[in-house]
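To start, the structure under review is shown below, and the notes come after it.
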Amino acid sequence: MSTSFGATLEEREALLEAARSIAPQIREASDEIEAARQLPGHVVDLLRSIGAFRLLQPRWLGGHDADPVTQILFIAELARADASTAWCVMIGCDGGLLSRELEPDVAREMYADVDVATCGAGFPPGTARRVEGGYLATGRWPYMSGITHADWVQMNCRLFGDDAPSDGPPFIRLVAHRSEVNILDTWKTGGMCGTGSHDVEVNDLFIPDERSVPPRPANRTVPGDPLRHPAWLLPKHLGVALGLVQAAHDEVMELARERVAFRGSLRDDPLTQATLGETAAQIAACRAYALSASDTAWQEVCQTGEMSDANRVNLRLAITHVHQECQRVVERLYAVAGSTALYSERSTLDRRLRDIHAMNQHVVLGASNYAAAARVLLGDEPRAPFW
């Protein structure tokens, strides 16, 4: 008898419909989100109401156990309304990956409310010192997206002194409650403003053993629960870019139908027509690559419990290429929209342009990942984070 993992097609469609149902309210709140530099409470409540933060949680904890394709499509629906909101969901649902690394009783206690969000940051790592019953953590971590509404905070720490292992990575992941950390108001940016990605600082914070997670090997075998594979941390990023770029294209299409510019009607302008046609093809290609690479890797892990180097490379190439291509598409759409794109009260294009540039500064989304993938294809080590 074969075992089925991930969401069924009916469950996937129900999740997508739930995301679509709250999208108008999120879109209406987008100015408020950007001005507040975080998700307002009523937006967080909307997300919780449709189970957005339980997207990856296992069924035994009350979660959706969503496969990567479902994750990408769900997050894309939210990103069409507001990229910062989608990003916070993409990060906030990481609790479903964390709970799989904890003892089940600990996970049930931490996620007694399965709709709480989780956030985390890896580098630069803090330090951890072993003490009786746990660790003392010290450090400062930037880019804690969603820290203003998350309950749980993951912090990557380097073990030092006698606590460092003799072999293997000298790192450990420690999990604190938001009430235990000091949030520093640092997230003042030009794009992705609403993610609330502030710095977090702790000094000799005690973290009990049950909330510590050792490093996971990249070649880990995960029979019986494919979402335990460490590679699934990254593909859901694709949903943010795909939703953002589709919304930008939809807006320029509508603008072209209605606007008469100095050079005449936009819908009759050859440059506008060519741009809209070509970018539609680029978006469709990006979507196809994202979903194909993710599903192919997912099917392999479901069947074997492992992910081959070929699929890991293809997945990382898809993540990199889609984000870089979506940036180019948004730039073209912004340009062809003309002066309308300048006005935040008339258009979302200025925000979407800033957002796509800001998110592509992330270390796992930048063009340097092409070289990491090529090194693996050439038989070398990737020498890149989160590989």
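The values are calculated or read from the model by the stated rules, or taken from the named source; none is laboratory data. From a predicted model like this one, the values you see are computed outputs, not experimental measurements. Heads up, the Cβs are rebuilt from the backbone with ideal geometry, glycines too, and the neighbour counts pull from every protein chain shown. Heads up: the accessible areas ignore ligands, DNA and RNA and are worked out on the full protein's heavy atoms, side chains in. Shrake-Rupley method; radii C 1.70, N 1.55, O 1.52, S 1.80 Å.
At a probe radius of 1.4 angstrom, the accessible area of the stretch 54-127 per residue rounds to 26 square angstrom.
Helices in the chain, meaning DSSP H runs of at least 4 residues, each add -39500 (n - 2.57). Divided by all residues, the mean residue ellipticity at 222 nm is -15000 deg cm²/dmol. Under 5 Å from the amide H of residue 171 lie the amide H atoms of 159, each residue being 5 or more positions distant or on a separate chain, with H modelled from the backbone and absent for Pro and chain starts. So what's the net charge close to residue 189: Lys and Arg +1, Asp and Glu -1, counting the other residues with Cβ under 11 Å from its Cβ? Once all neighbours under 11 Å are counted, the net charge is +1. In the neighborhood of residue 355, defined by Cβ-to-Cβ distances under 13 Å, what is the net charge if each Lys or Arg adds +1 and each Asp or Glu adds -1? Spelling it out: positives minus negatives among the neighbours equals 0. Once neighbouring chains are kept in place and the probe is 1.4 Å, which whole percent of the accessible area of the stretch 93-235 is contributed by carbon and sulfur? Of all accessible area on the stretch 93-235, carbon and sulfur atoms account for 49 percent. Applying a DSSP loop filter and a limit of 14 other Cβ atoms within 10 Å to the GluC sites (Glu not before Pro) in the stretch 92-133 leaves 132.
Match the structure shown to one of the listed values (i) 26.9; (ii) 19.9; (iii) 17.2 of mean projected area of the Cα convex hull in nm², computed from it, and give that label. Only one option fits the structure, namely (ii). Ligands, DNA and RNA are left out, and with a 1.4 angstrom probe the accessible area of the stretch 193-318 is 42 Å² per residue. The string of couplings for the stretch 29-36 from the Karplus curve (6.51, -1.76, 1.60, θ = phi - 60°) is 8, 4, 5, 5, 4, 5, 5, 6 Hz, one whole number per residue in order, with x for Gly and Pro. Spatial offset of the stretch 239-301 relative to the stretch 29-44 amounts to 26 Å, using the alpha carbon center of each.
Shape class for the stretch 203-247: oblate, because the ratio a/c of the largest to smallest gyration tensor axis (alpha-carbon atoms, square roots of eigenvalues) is 1.5 or more and b/c is at least a/b. Could you state the angle between the C-alpha long axis of helix 270-304 and the longest principal axis of the C-alpha atoms of the chain, as a value from 0 to 90 degrees rounded to the nearest 10? Around 20 degrees separate the two axes. Once the Cα atoms are used to define both axes, helix 83-92 deviates from the longest principal axis of the chain by about 20 degrees. GNM remark for the chain: springs join alpha carbons under 10 Å apart, and the peak mean-square fluctuation among 259, 173, 140 falls on 259. Computed packing ranks the peptides 240-252, 195-207 as 240-252, 195-207, most packed first, by mean other Cβ atoms within 10 Å.
To put it simply, the accessible area of the stretch 341-387 at a 1.4 Å probe is 55 percent carbon and sulfur. Kindly express, to the nearest 10 degrees and within the range 0 to 90, the angle between helix 68-81's C-alpha long axis and the longest C-alpha principal axis of the chain. Approximately 50 degrees, to the nearest ten. When only the Cβ of Lys, Arg, Asp and Glu is charged (+1, +1, -1, -1), the dipole of the stretch 1-139 relative to its Cα centre reaches about 320 debye. The alpha carbons of the stretch 184-224 occupy a box of 43, 29, 15 Å along the principal axes, longest dimension given first. Under a 5 Å amide H cut-off, with hydrogens placed 1.01 Å from N, residue 184 pairs with 199, 200, 201 among residues at least 5 apart or on other chains. These residues, 253, 359, go from largest to smallest accessible area, 1.4 Å probe, as 253, 359.
Dipole check for the stretch 322-364: with +1 at the C-beta of Lys and Arg, -1 at the C-beta of Asp and Glu, and the Cα centre as origin, the magnitude is about 40 Debye. 3J(HN,Hα) along the stretch 377-385, derived from phi through the Karplus expression 6.51 cos²θ - 1.76 cosθ + 1.60 where θ = phi - 60°, amounts to 4, 8, x, 9, 7, x, 6, 9, x Hz, with x in place of Gly and Pro. Charged neighbours of residue 150, selected by a Cβ distance under 11 Å, balance to -1 (K, R count +1; D, E count -1). DSSP beta bridges confined to the chain are antiparallel in about 80 percent of cases.
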